[in-house]
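Structure record follows, encoded as structure tokens.
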Amino acid sequence: MKDFDEARKARLERDRSFIIGGETLTYRPAVAPEALLHYNSALTGDATLSEQDWIDLYDEAIIALLEEGQANKWKKVRNPNVENPLNASDINELLQWLLEEQSGRPTGQPSDSSSSTDGNGTQSTVASSPPPAEPQPVSASEKSAT
């Protein structure tokens, strides 16, 4: 007999903590799909977002993936006025990692690790759920800071 609760129990028992911006946070062992509907709607093009809307959406999705009571820690880490604030790449990388941890599989985004131009590699394909995040729009000031 297939016992689906075994995998659910394993998610509860594993270490779900991580460090970013000097804070230790913990992600939820599971998140209902409804918690990420706004995020998924934006990814699929069902919603049109401004640059500020994308930033807010990433924060909303990350908070939805964090354990209850972690929102204030996230807001502290996300303070744009700290000496070394999180940039768009940091936030995107964290969100992708959290989604992979939730789903138990990679999001399917292609890796930038290879610079080979000889054609020996194969292209990545997107075949996971939830869909991979499109890169967050980056403002001109963020581009010059990186």
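The values are calculated or read from the model by the stated rules, or taken from the named source; none is laboratory data. The shown structure was predicted, so the numbers you read here are calculated from the model rather than taken from an experiment. Glycine gets a Cβ as well: all are built from the backbone with ideal geometry, and neighbour counts include every protein chain shown.
Listed values, structure above:
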quantity: Extreme residue, farthest from GLU68 (Cα to Cα), among residues of the range 10-24 that are without any contact (Cβ under 8 Å) to a residue 12 or more places away in the chain and of a type in the set (Gly, Ala, Ser); calculated: ALA10
quantity: Per-region count, the range 1-46, residues over 26 Å from LYS76 (Cα atoms) and touching an Asp or Glu at 6+ places or on another chain (Cβ under 8 Å); calculated: 1
quantity: Out of ASP90, ASP112, sole residue that is of a type in the set (Asp, Glu), farther than 21 Å from ALA35 by Cα and at pLDDT 95 or above; calculated: ASP90
quantity: Residue within the range 62-78 that is in contact with a Gly (Cβ under 6 Å, 6 or more places away or on another chain), at pLDDT 75 or above and not hydroxyl-bearing (Ser, Thr, Tyr) present; calculated: yes
